[in-house]
Each structure stands twice: as structure tokens, then as C-alpha cells.
2 protein chains.
Amino acid sequence: MVTYLVLIYAIIAVAIIVTFSLINYIYKQEKGNKQMQEISDAIKEGAMAFLNRQYKTIGLLAVVLAIIIASANYFGHLSQGGNVAVAYAWRISLAFVAGALCSGFAGFIGMYISVNTNIRVASAAKKGLNKALQIALRGGSVTGLIVTALSLFGIVTLFIAYGGISDNPDITKFVPSIIVGFAFGASFVALFAQLGGGIFTKAADVGADLVGKVEVGIPEDDPRNPAVIADLVGDNVGDCAGRGADLFESIAAENIGAMILGAALYPVFGWKGILFPLVVCAVGIISSIIGIISVKVKDDNDDPMNALGNGYFITVILNSILLLFFIKIMLGSSLSNGIPVNYWLLYGSALTGITLGYLFVILTDYYTSMSRKPVQEIAKASVTGPATNIITGISVGLESTAIPIIFISAAILISYKLGQLALPGILNAGFYGTAIATMGMLSTASYILAMDTFGPITDNAGGIVEMSGASDEIRLVTDRLDACGNTTKALTKGYAVGSAALATFLLFSAYLDEVKNILGKPLDSWFSVDIGKPEVFIGAFIGAMIVFLFSSTAIRAVGKAAQYIILEVRRQFKEIKGIMEGTTKPDYASCVDIVTKGALKEMIIPGLIVVLAPILVGVSLGKEAAGGFLMVTTITGVIMALFLNNSGGAWDNAKKYIELGNLGGKNSDAHKAGVVGDTVGDPFKDTAGPSLHVLIKLVSTITLVFISLFR
Amino acid sequence: MVTYLVLIYAIIAVAIIVTFSLINYIYKQEKGNKQMQEISDAIKEGAMAFLNRQYKTIGLLAVVLAIIIASANYFGHLSQGGNVAVAYAWRISLAFVAGALCSGFAGFIGMYISVNTNIRVASAAKKGLNKALQIALRGGSVTGLIVTALSLFGIVTLFIAYGGISDNPDITKFVPSIIVGFAFGASFVALFAQLGGGIFTKAADVGADLVGKVEVGIPEDDPRNPAVIADLVGDNVGDCAGRGADLFESIAAENIGAMILGAALYPVFGWKGILFPLVVCAVGIISSIIGIISVKVKDDNDDPMNALGNGYFITVILNSILLLFFIKIMLGSSLSNGIPVNYWLLYGSALTGITLGYLFVILTDYYTSMSRKPVQEIAKASVTGPATNIITGISVGLESTAIPIIFISAAILISYKLGQLALPGILNAGFYGTAIATMGMLSTASYILAMDTFGPITDNAGGIVEMSGASDEIRLVTDRLDACGNTTKALTKGYAVGSAALATFLLFSAYLDEVKNILGKPLDSWFSVDIGKPEVFIGAFIGAMIVFLFSSTAIRAVGKAAQYIILEVRRQFKEIKGIMEGTTKPDYASCVDIVTKGALKEMIIPGLIVVLAPILVGVSLGKEAAGGFLMVTTITGVIMALFLNNSGGAWDNAKKYIELGNLGGKNSDAHKAGVVGDTVGDPFKDTAGPSLHVLIKLVSTITLVFISLFR
């Protein structure tokens, strides 16, 4: 066991060293001229101010929740004796705090690097595409590596601290279900980070566009617009900090879920089954580093997307080889009944997961790419006005859920059956098969996250170049990077929702194991969640409804927060003289401040709905109903997230397709209709959709943490 | 038993006599002037032509399906011997054909009366509000009574024909599960009727508005618009024929589902449990007739909605009293274990259902009424343009699902618990409790349906008055009736979705009983649908996805069918000279013809998705997975239908609210945004939403019919 733990820590150390060398590389680059620096500093300041205030709010909520978790687990376990109850209470609660802190720290680092990288990318654009691309991707990689390494570090350290390496198998088996608090802490912070950031970014966007572009008539990213800095800040807090926290908790939740399942398979694999998920995660860091380093465009005319795609391909291939090796040495021994484990079948599960991730990226591309039928259909419908644009967009979004769901279903079924075939006669074998598929899918998370954070960095770099009035040549470079960044942002959203679906199926099996633990049933017995029972049916019904209600409040929050900034921008144009002439600078900071307050206020209600609903269902309707709630929240949440992400992405690109000169081009009636669709899609794809990814994992981790209270 | 059967037939006879006297009353009314008659004849002709063609298409599909049903049941039951297999095959298949024919006939009668009543309402408007209201409601009542009576007649007759009154309890218990084919036939026709009608009505509406109002600039219902007749025809085929078929199959499915459950409780209630649902249904006809007769406005200044509300109240009260009586005499004896049945508790279940129906009507009113916050919020958001109108509308629609779901959940849980308390120690008692609640809710269906069909009649009357250039005074009367008709249409949609939710929970329990039958398990054992098993989870996942995919295809079908008519209207304006001057009549019939063809073509794909998906899931993933599919399709379908109906209704009324002079009034920017919202909402609330009501029952009846094929 110690060998593997050392290996994991060593890889974490490698990740940290690589991260520091990346940071070093970035800081050595030119910071551009004074004008660029001023803009960049304003973005930095705004982003940090938002994060500061957001963390205070989240921190306060987290402290309250930590106390509730401690009390709930104390009283929930009191029947097992006072000492046991106290042991549960502080351990789960501490893990929660650790998860929340790590998640917050990961978001902070990611954003800090991002706001320091954007100006250097803007400056490097003078030297050509390759240099700018390299800096942007290295900036993104810092987030990618830190997030994965920190998640891994937290889990391994808690595992050791809570006695996972003791010689007593009972304790080793028991530890994973305690450190689930870590995953809950991570999802809790992620939910609010994604919600708050998502509301901020879209409210600032809408406010900047509605008053600046529509009412006053100045172009996008014009320094005379008081909301322009808030808009650029939004890209960082929504995409960098938000998505970083999202994938941080994906990794944490998936690892811990798989460890709980590993514990249930203790008689088969021993401690190796528990540590295996962590090893896979660590191995993925190595593959991702090599993939990142290998990204390069040879010629300035190359499509940067191809270079990123090649890097991803290298990561996937390398990872597939490493996975086979570790599956063989860690899970390849024979079963307790003497039958040898067919590790090739388990490897098949892993490949299923990796393939699913790849297919999701392709499918998202199909539904949201300008060169494909769905987006062009929306663009064509824009010719007959905004109503037909909206109807077509909604219908494309609804339809885009079908094939991904069939693929997820197939992946779950295949990996489950492979697990059963690999470990004949073992009850939880099928679930372990799906767990391995999930590990396979998430093992490339560092690379995916690097690509994702690449998006806001290039977006910001473009904004800085635009605002500082740089030459057309430089703009062309940042425009190309920006277009590439938009694509990667859309693709990684597809990946995130796919991995969320697999991860929750895994967490659900972990939940069932926990229920058996609490009921004192043996782990190789079966606890059924019978949706034919009225309580379970009602739990499921409410679960689906929560997804609709949450989406409603998240979408509405954007509108409310946007109202605040609209009023402020109008006020500045009216009261501060000389803004339009460019003689006086607008008050950027007050816009950032107002939208910060607005976003933080509006994130509370949707957040609380998600936190309270599963607890209420579990406490009032019982453990089985909570299981039904979990499953159907996952199902509806995944489908709704696909609908929101894809329709939003398709509307966005339909507008861009028209802007490129098709169907009448800019300022045509079709374009006006396209702008309406894009505006409708913004809160779909950047607020409600990504928050749903977090929601579906949060309801799983929260039920695991509060399970002892359930009827 | 014979006494009750005679009672049911007697009430059916009463319903038919009342229907004929209503028809007689309507036909005795004045038919208005020649101009009105011409318009009315054109509507009649168009509607009948559509129905004719639609029935041919549906008939063809039904014949194919009847053969498939016969073969499937033959091979599915072959293991029980050739004779048994043949017996199953022809009985289920014949019941299917009977259900399809009855449903088609009910739709036909409803529409025939509707298109003959509209002109008489238009003509009676000269004599004042009360007379016009009476005629319109009596026209609606014909549909209401015929639909209920025919549904009841079909089931009772099949029950007797298939040996339900034999002395052998085994045969009596067995018959309900055979006549489920009747419910499937009814839902099959209802799905296509609702889909085809819904596509027709909205395509014609969009076509008439987009070319007539927007491109050419003539007012609504202007006789110069070639699509104006198609638009008026659409109200009939969508709302009358469609909703008629929808509630016909609701009643059929609920009755048969309750009978299957009654059969499972044979040891407790004997044949009385099987016949009880039919008696409740018959009793509801009597209450509804009295309610209908008592509707009256004293003063021409009264709100007609109050008069309709009073009639509903009388129906509900009368029905509550009659229900208590029949629950006492039919279910009030003691159990086989000697414990007396607490019939008051069963009555509590019935009242729960009645209350739920009432609450749904109130909630729908809240979310879609002009005088409430949600609609006014959408209207206010229209001031900042179409994008904010759409975002707010979607967010209102998503939110409007929350409270109804909590109410449904509470109703299911309460009626289930009351059932268990009333019949202690009986396994299926809880399900029978929810069955009684469903019966309670659906017992007022005749009255609700009369109110619903009232809508298109008044809508058409208004159109005829407008087109024939009648005086302002007369227009005022029809406008007031039309406004009232819009409200009743919205409210009955709420009722329809609520009853669909209850009815499918009932059908699901019937499905579980059938599974036990087929597996040869005793009926008092438990068959669980464990959503923790991957097959069941996948079935559930696909079930939720089907709802999204179906909604997508239904919404898109409207756009496609609208394209056909847009081209035709443009062609007529261009090629037929003198239309705009009013010297030449446009070719109304060719518009009707083209949109008929379009609607029938576009209804096939969404229809097939719904029919094939449950069969594929059952055959490939098995009975338990089909159960998961059923439940989650219901859950998602109900929530999605609420979202689509309520957002559509709210957009519609937000536009009307602005038109009444608020926020800038007609032709303001807010109004333009309001029109966009209304257009987006049209296919939501009149095509996809109502079709979903049918979908959720159809997937239940189809699984019951094909169950013998499932793995």
C-alpha cells in the first residue's frame, strides 16, 4: 500500500513542480504596453474583489453547514454510542471543511493565473499565433493541474489521517464513507462558485450589451462602456473559477464514490480496490502533462484547434496504455473463489468510459458548430424573425438530448456487464465496472480543464487587444485564438455533463452501499429502490421538479442581477460628463461592485433549494425515497443540462454564422433575430446549464453526508 | 352485478337522450344571415375534410397496429398453449379496434356539433349574452356527454362480451386485463388526433398571422386572408376533436386501470371492486348534466366565467354526495378477515382527488391569468425587448411546475395512506386508494369537457361575427364569450395534466399486477421496479429523454407545416387578382387542404417515437426496465406538459395584457416583444403540451398491451 501512496504523492509533487515551472514561464513573458497593463490590472482587481466577496459569503454558509453536518451526524449516529457519534461528527465535518477550502483554493489559483496570463497572451500576439497559443494553454494548464492535484492530495491525506493505512481492514473499508464530506464540501463550494460566477458573467454581459451596444450604440469591448471591465471580469469568474470548482468536485466525488465501491469489494481486491481510483487519477496527471507539452502549431496559418486536438489525442492514447498496466497489476489477481480476474474485461470498461468522453465532445460539436445542420437551421429560421429563431433553437436543444442519452445508457450497460463478466458471482462487480468507466472518462480531466480555462484567457486577451487599440494583425491572432477558445468551452461542457452522468450513477451505488452499512445489512446483499412504492415515486417526482425549479431560479437570477447593472451604466452615461467623448474614464469599479453584490444576492435562493430538497426528502420520506430522488434528479438534470448547453451554444453560433455574412449578414433582420436567440441562450448555457452539472453531483454527496438522519 | 350493469346502461341511455335533446335545442336556433352561413359552411367543410383525411391516415396505422397486436399477443402467449394464445390475440386486438373506433367517433361527433353550433352562437349574440352562452355551453356539453358515455359503453359492453358476468371469478378477474386494448386503441387515436389537430391549428394560425398580419398588414380574421378559414378550422380540429379524444382515453384508461386493480382486490370486494369505477363514471354523468343545466347568467353584465364556475361547483358538490353513497354500498362491507372496511377513509381518497382537480384549476389560473404576477412580470419584461420576454416566460413556465407537483405528490401519498388505513393488511389497498382518488378527479370530466369545447365554439362564433361585419354590440358579446372560452381552455388543460398524472400512477400499478400475472406470481406479492439496477435506470433515462425528443419533434412539426401554408398564402396574394380589394374571394379550400396534408405528414414521426420506444425498451431491457421507463416518462411528461402549457398560456395573456393598453399598448415595442412570446408559446401550449397528456397515458396502455412480448 505504501508504494502506491508514495507513487500518488510523487505524482502530486511532479504536478506541483510542473505547475510552478509553467507559472515561471508565464511570468517571464512580456506584460505589454502601459495601456494594456491598465486594462489588465482593472480586470485583475475586479476579479479578485468578486472572489473575495464571494468567498466570504460562501465561507459563512459553509461554517453554518459544517456545524449542521456535525450535529446531524452526531445525532444520527447517537444510537451507536456517544464516542462513535462524536467520531463521525468531527471527521465528516472536518472533511467537509477541507473539501470546501481546497475547492476554493483551486478556484482562486486558477483565476489568479488566468488574469495574469491574459495580458501576456495579448502581448505575445505580436510575435505570432504559436507563442500566444502556448502561453494561453500553459495558463490554462496551471488550473488543470492544480485542480486535479489538489483534489487528489486532499483525498489521499484524509484517507491516511483517518486511519486508512491501519492494519485493520474494517477501518480501511470504513474510511471512504467518512471522507465523503470532502466531496460534499467541494460540491457545495462549486455550486455557489458556478452559480455566482455564472450569474455575474451573464448579468455583466447583458448589461454591457443592452445599454452600450443597443441604447448608446458603441461597439463591443469599447473602453467608453462602464460595464466593459465587468464583462471581462465575468469571463474569469464564470468560466475559470466556476468550471474549475465544478471539475474539482467531479474528480473528488468520483474518486470517493469509487473508493466506497472499492470498499464494498474489499473481499475481492483488498485495499487495492480502494486505492485504484486514486492511482488512475494520478496517472492521468502524467498523461495530461505530456499532452500539454506537445501542443504546438508549426505554421501561423494552422488551425489552433487541430493542435489542441492532437494534444488531447496524445493524452488519451498515453493514458489508455498506462491504465492497462495499472489495471493488470492492481486488479488482475484471482478472486477469493479462485477464479482468475479477466482484467482485459475491466480494461474494456475503462475504454468504454474514455470513448464516451470522446463521443460527447464530438456530439456537442455537431449540435453547436457553425458548419453543421442544427446551427444553420436556426440561422435560416432567423430570417422569419425572432419567434421562429427561438422555436427552432428550443427544438434543436430538446432534440440534442437524444443521442447523448443513448450513448450514456450504452456506456453504463456495457461497463456494468463487463464488470460482471470480469468478476463472475460478485454482487457489486457491475457497479465497479461502471466505476472504472467513470475513472477512464475522468482520467483526462487535467487536459480538458486546461483547454477549458484556455477559453476565458484568450477571450480576455482579445478584449485587452481590442480596448488598447492594437493593430489589425494582432487582432487577427487573438480573434483566431478566441474562436478556438469558444469551441473548447463548448466541448468541455459536453465532457462535463457526460462525466457528471457517469459519476452520479457511481455515487448512487455508493449511496446504496451506505444504506446497507447503516441498516447493518451485509454489503453483498441488495438494497432496492422500488419506484413502484408511492414514497419513492414521490421522491422521484420531486427530484425531477427540483431540476426545473432550479433552472428557473438560475435563469431568473441573471435577469434580476442584470437590472442592477443596467441602471448603473445608464446613470454613469447620464451623470459622468465626457464618457462618450473619451475625455473622462467611466467608473469601472462601481459596475463590478454592483454586479458582484447582485450576483451574490441572487445565488442564495437557487443554492438553498438544491441543498435543502434532498435533506427534506430523505428526512420526511426515507432512505429509499431519497434514492429515487437521487436517480431522477440525475436523469432529469443531465437531460436538462444538455438541452440548456446545446440550445445556448447553437443560438450563439447561429448569430455568429449570420455575422460572417450569411443570410444578410450583420444588421440584417436575420441578425437581429439571431441576437435575440443569443441573448436567450446566454443564461441557459453559462448559468443554468453548468450549475446543473454541479447540482446532480451535489444531491448525491449531500445525501451521503446526511444519510444517518434519513428515516 | 346485473343491477349495477343495468344502472350503468340506464345512465348511458340518459346521457344519449340528453345529448339528443341538446342537439335538438341547438338545431332549433337561428342560423344567422347568408353571409354568416357561407363562412360557417366553409369552416364545416374544411373541418370535415381534415377529419376525413386524418381518420384515413390513423385508420391505416391502426389496422397495421391491430395486426401487430394480434401477432404479438399470439406469440407472447404461445407458451400457454395455442388456444389461449389465439384467445388473447383476437380479444386484445378487437378491443383495440373498438377503442380506436369509439374514440374516432367521439371526436367526430364533438366536432360536427361544434361546427354547427358556432354559427348559432354568432346569430344568438344579437339576443344577448345569456342566450349565446347557453347555446355555446350546450354545444360543448354534447361533446362532454358523448365522450364519457361512449367510453363507458365501450368498456361495459366489452366486459360483458368477454365473459365478465360469468359465474367463474377467475374469468371475471381476468377480463379487465384483456379490455386494456380498448384503452390503448383510444390513446392511439387520441395521440394522433391531438398531434395532427395541434399541428394543424398552430400552422394555420402562424401562416395566417405571418403573411396576413405582418407581411400584408390586414387585421386578424379578415375575410381577405386566404388562411382565415384554415385558422378557424384549426380551432375545431385542435381543441374539439383533439381534446375530446384526449379525455375519452383518459376516462377509458383510468376506468380499465382501476378495474385491473379491482381485480387484484377480488378477495376483498369481489366483482364490486371491478365494477365500482364504472359506476363512479356513470354517476359523474348525472352530476354533470345537472351542473350544465343550471348554468345561467341573470344579467348581460355578469361575467360568464362566474356562471360556468357555479355550474362546476354544483357538479362537484352533487358528485361528492353521490360518491359517498356508492362507496358505502359497494365498498363498505367487511373484509375477508372480518375487519370492517372504513368507507369514510375511502371517501377521503375520493375527496382528495376531487380537491386536486380543483386546486389544479386554480393554480393554472394563477400562472396564466392576466391579473396575476407571473403574466404581468412577462409583460413588464417585454419592455426591454423580445429576449427578456422569452427569458422571463421560460423562467415562469419552469417555475410553474413546482407547486402542482407538490400537490400531486401529496394527493398520491394521502390517498395511498387512506387506502391502506381503510383496508388494513391488504397489499394493494394503497393503490386502490389512489385509484379512488383518480376516479374522484375524473368523475367531473363531462362538465370539464363541456367547458373545454365551449372554447373553440365561442372562438369560431367570434370569427364568424368578425368576418361577416356585424355590429360592435354583437362583437362585444362574442368577445366576452371568447375571453371566457380562452380561460376555460387554459383551466381544462390544467385539469387534463393533473388527471393524467394520477391516471398513470394507477396504470402503473395495473402494469405491476399484469407483470405478476404473467410471471405466475400471486397478486398479493410485490413486484419491485428497482431503479438501482442498470437496466431499469437506463429504461428510466430513455423515458425522460423520449419526452424531450417528442416535444422537439412536435414543436418542429408546427414550423414545418406552417412553411407550406405560408408559401400558399403568398402565392394567392400574388396570383389571384382582386383579393386585397375584396373583389375576388381567395381560395380558402386550398389553404385548408395544404395545411391538412402538412399536418398529417408531420404527425407521423413524433407519433411513431412514442409508440415504438416503450416496446423497444420492454423487448430489449425487460419488464422491470419497462416499469422504470413508464414511471419516469410519466414524471418528466407531466412536468414538461406543465412547463409548456403554462409558459404558452402566460405568454398569450402577457400579449393580451399589453394590448389592453398597458405598458404602451398595441404596436408599442413591448407589444412587438409580446407577439414574439405569444408565437413561441403557441406550439408549446396547443401542440406539444396537450399531446404530452396523451403520451404519458399511451406509454402505459401500450406496455400493458405488449407486456407478453417483454423479456
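Table for the structure above
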{"read-out": "Inter-copy spacing of A:G582 label points, which lie 7 Å from Cα along Cα→Cβ, given in nm from shortest upward", "value": "5.9"}
{"read-out": "Computed FRET value (nearest 0.05) for A:Y25 with A:R53, which takes r as the C-beta separation and R₀ as 22 Å", "value": "0.10"}
{"read-out": "For segment A:672-711, residues shielded by at least 20 square angstrom of accessible area compared with the chain on its own, probe 1.4 Å", "value": "A:V676, A:T679, A:V680, A:F684"}
{"read-out": "Segment A:2-531 - accessible surface per residue (Å², probe 1.4 Å)", "value": "31"}
{"read-out": "Exam field: A:L476 pseudo-label spacings to other copies (7 Å along Cα-Cβ), nanometres", "value": "7.2"}
{"read-out": "Averaged over A:312-318, number of beta-carbon atoms from partner chains that fall within 10 Å", "value": "0"}
{"read-out": "Extent along principal axes [Cα atoms of segment B:2-531; Å; largest to smallest]", "value": "72, 49, 45"}
{"read-out": "Accessible area (Å², 1.4 Å probe, nearest 10) - A:D669", "value": "110"}
{"read-out": "The protein assembly as shown, helix-only ellipticity at 222 nm - DSSP H runs n ≥ 4, -39,500 (n - 2.57), divided by all residues, nearest 500", "value": "-28000 deg cm²/dmol"}
{"read-out": "Most to least packed among B:635-644, B:64-73 [average Cβ atoms within 10 Å]", "value": "B:635-644, B:64-73"}
{"read-out": "Efficiency of FRET between A:V63 and A:T583 - r from beta-carbon atoms, R0 45 angstrom, step 0.05", "value": "0.40"}
{"read-out": "Two-site label geometry, B:L7 and A:L7: point separation in nm, points 7 Å out along Cα→Cβ", "value": "7.7"}
{"read-out": "Projected label distance in nm at A:L78 and B:E220, using a 7 Å step from Cα toward the beta-carbon", "value": "6.3"}
{"read-out": "C-alpha center-to-center spacing [segment B:231-258, segment A:544-565] in angstrom", "value": "35"}
{"read-out": "For segment B:1-140, alpha-carbon Rg relative to the globular expectation (2.2 N^0.38 Å, N residues)", "value": "1.50"}
{"read-out": "Set of aspartates and glutamates near A:K31 by C-alpha distance (under 15 Å), chain-local residues within fewer than 8 positions excluded", "value": "A:D41"}
{"read-out": "Separation of alpha-carbon centers, segment B:136-176 and segment A:386-405, rounded to whole Å", "value": "41"}
{"read-out": "Positive dipole terminus of the protein assembly as shown, leading residue within A:P176, B:V529, A:G332 (C-beta point charges)", "value": "A:G332"}
{"read-out": "5 angstrom amide H check on B:I218, placed H, neighbours 5+ away", "value": "B:K213"}
{"read-out": "Extension gain, A:K560 back to A:K127 (0.36 nm per residue minus Cα-Cα distance, nm)", "value": "151.6 nm"}
{"read-out": "Accessible surface of chain B [probe 1.4 Å, protein heavy atoms]: carbon and sulfur percent", "value": "63"}
{"read-out": "Computed FRET value (nearest 0.05) for B:S471 with B:D41, which takes r as the C-beta separation and R₀ as 30 Å", "value": "0.85"}
{"read-out": "Å² of accessible area per residue within segment A:563-711, as computed with a 1.4 Å probe and no ligands counted", "value": "31"}
{"read-out": "Accessible area buried between chains A and B, both sides summed, probe 1.4 Å, in Å² to nearest 100", "value": "5800"}
{"read-out": "Over segment B:2-531, relative contact order from alpha-carbon pairs under 8 Å, at least 6 apart, %", "value": "20"}
{"read-out": "Using distinct alpha-carbon pairs, which all enter the 1/r mean, Kirkwood radius of segment B:389-519 in Å", "value": "18.0"}
{"read-out": "Interface residues in segment A:389-407 - accessible area drops by 30 Å² or more relative to the isolated chain, probe 1.4 Å", "value": "A:I390, A:I391, A:I394, A:S395, A:L398, A:E399, A:A402, A:I405"}
{"read-out": "Distance from segment A:583-610 to segment B:434-512 (C-alpha centre basis), Å", "value": "45"}
{"read-out": "Those residues of segment A:634-650 for which accessible area with every protein chain present is at least 30 Å² below the isolated value (1.4 Å probe)", "value": "A:I635, A:I639"}
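The values are calculated or read from the model by the stated rules, or taken from the named source; none is laboratory data. Model, not experiment: these values are computed from the prediction. Cβ atoms come from the backbone with ideal geometry, glycine included; neighbour counts cover every protein chain shown. These area figures cover heavy atoms from the full protein model, side chains too; ligands, DNA and RNA do not enter into them. Shrake-Rupley method; radii C 1.70, N 1.55, O 1.52, S 1.80 Å.
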